[in-house]
Amino acid sequence: MSHTKSKQVVWITGASSGIGLALTKRYLDNGWKVLASARSEGELSPLLSLYDDLTFIAFDVTNESQISLVREQLSEHTEHLDCAILNAGSCEYLDLSVEQPDWDMSKRVMMVNFFGMIHSIDTCLPLLKKASRPHLVGVGSQAVNAAFPKAEAYGASKAAVRYFLASLRMDLVPFGIDVSCLLPGFVDTPLTKKNDFSMPFIMSSEDAAQCMFKAIQRRPYEYAFPKPLSTMLWFGRHFPKVWQSLLAPKKEI
Ligand SMILES: NC(=O)c1ccc[n+]([C@@H]2O[C@H](COP(=O)([O-])OP(=O)(O)OC[C@H]3O[C@@H](n4cnc5c(N)ncnc54)[C@H](OP(=O)(O)O)[C@@H]3O)[C@@H](O)[C@H]2O)c1
């Protein structure tokens with residue numbers, strides 16, 4: 001008698017572009033059912049007609065009022081989630097060279113990267129609890145490992161994500177939910193296109209998705225990649241004066 005194993009189900013946020021889009025393709029190509037979210041379909045559009053196992057569910061992670069609707073929509077497509085990859089994020093830089101810096105930008109960045117992740121956890125937790133071996137994955141950044149100029153808000157939001165997930169990992173033990181925090185280095189996506197500084201060891205979104213897909217199978221507490229960048233940032237963290245002299249904008253004479 002043939003026995004058809006049901007597909008594993010993953011929810012990916014920030015799936016319309018960059019890393020999330022590449023992860024979506026990788027999970028589909030590996031036989032998963034993917035529930036993909038972002039504010040708009042974006043680059044997912046052409047994939048939606050190609051893959052029966054791909055469903056788009058619109059979600060603005062900053063909008064708390066959408067949480068129960070998105071939870072319901074997810075439940076219409078699956079009874080449980082084996083994995084949730086909370087990847088939606090944005091990056092803005094603080095420009096102190098202008099007369100009136102945009103301090104509010106910090107709130108926007110925290111709202112997407114930090115509170116957006118909490119809203120996403122709120123959304124998916126009931127469905128994760130119904131899986132036999134659930135896994136919650138958050139996307140942080142290697143930026144947390146050493147300071148970068150202009151990255152006050154972005155770095156702080158990702159440091160908050162990292163701590164939140166480390167604490168959550170403990171509190172979800174009784175529910176049998178594993179928690180991983182992934183810390184990518186520079187990845188070539190629309191988010192980094194605007195960067196005007198050098199991005200050592202930058203990788204394609206496809207290569208990043210491959211590293212992440214493989215790492216997620218091992219369910220690490222944390223996974224930082226690529227390793228040469230981790231080494232460079234280790235240096236920055238342990239020799240902050242040298243690091244600052246290399247990276248900080250020069251004093252005007
Ligand atoms: N690229 C890098 O070098 C790098 C390095 C370390 C970490 N990361 C992290 O990796 C994640 C993905 O970044 P990426 O480089 O792939 O950026 P990206 O190409 O700009 O993609 C960002 C994704 O997040 C979604 N998003 C943004 N704001 C949202 C909101 N309010 N609600 C719902 N979805 C929202 C976007 O879709 P919509 O605009 O349609 O909503 C898009 O799908 C982010 O968390 C980022 O911080 C990136």
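The values are calculated or read from the model by the stated rules, or taken from the named source; none is laboratory data. Note that this is a predicted model, so its numbers are computed, not measured. Here Cβ is always computed from backbone atoms with ideal geometry, including for glycine, and neighbour counts include all displayed protein chains. Areas reflect the complete protein model, heavy atoms only, side chains present, ligands, DNA and RNA absent. Shrake-Rupley method; radii C 1.70, N 1.55, O 1.52, S 1.80 Å.
Things worth noting here:
- Once region 197-253 is narrowed to residues that are of a type in the set (F, W, Y), in contact with a Phe, Trp or Tyr (Cβ under 9 Å, 6 or more places away or on another chain) and closer than 13 Å to A147 by Cβ, the residue that is most open to solvent (accessible area, probe 1.4 Å) is F235.
- Taken together, the residues in region 13-41 that are assigned to a loop (DSSP other than H, G, I, E, B), under 22 Å from E72 (Cα atoms) and more than 13 Å from the ligand (Cβ to nearest atom) amount to 1.
- Of the residues making up region 133-158, those that are small (G, A, S) and free of Cβ contacts under 8 Å to residues at least 40 places away in the same chain number 2.
- Flag for D95 being more than 16 Å from the ligand (Cβ to nearest atom), open to solvent by 50 Å² or more (accessible area, probe 1.4 Å), in contact (Cβ under 8 Å) with a residue 40 or more places away in the chain and not small (G, A, S): yes
- Selection of region 54-84 for residues being more than 10 Å from the ligand (Cβ to nearest atom), open to solvent by less than 50 Å² (accessible area, probe 1.4 Å) and among the charged types (D, E, K, R) yields only D82.
- Hey, A156 away from the ligand (no atom under 12 Å from the Cβ) and either over 14 Å from I19 (Cβ atoms) or open to solvent by 10 Å² or more (accessible area, probe 1.4 Å) (or both) or not: yes
- Test: L48 is open to solvent by less than 50 Å² (accessible area, probe 1.4 Å) and touching a helix residue (DSSP H, G or I) at 6+ places or on another chain (Cβ under 9 Å): no
- If the condition is being away from the ligand (no atom under 16 Å from the Cβ) and touching a Pro at 6+ places or on another chain (Cβ under 6 Å), then region 168-189 contributes only I177.
- Selection of region 27-39 for residues being open to solvent by 50 Å² or more (accessible area, probe 1.4 Å) and either more than 17 Å from the chain's Cα centre (by Cα) or farther than 20 Å from V70 by Cβ (or both) yields D29, N30, K33.
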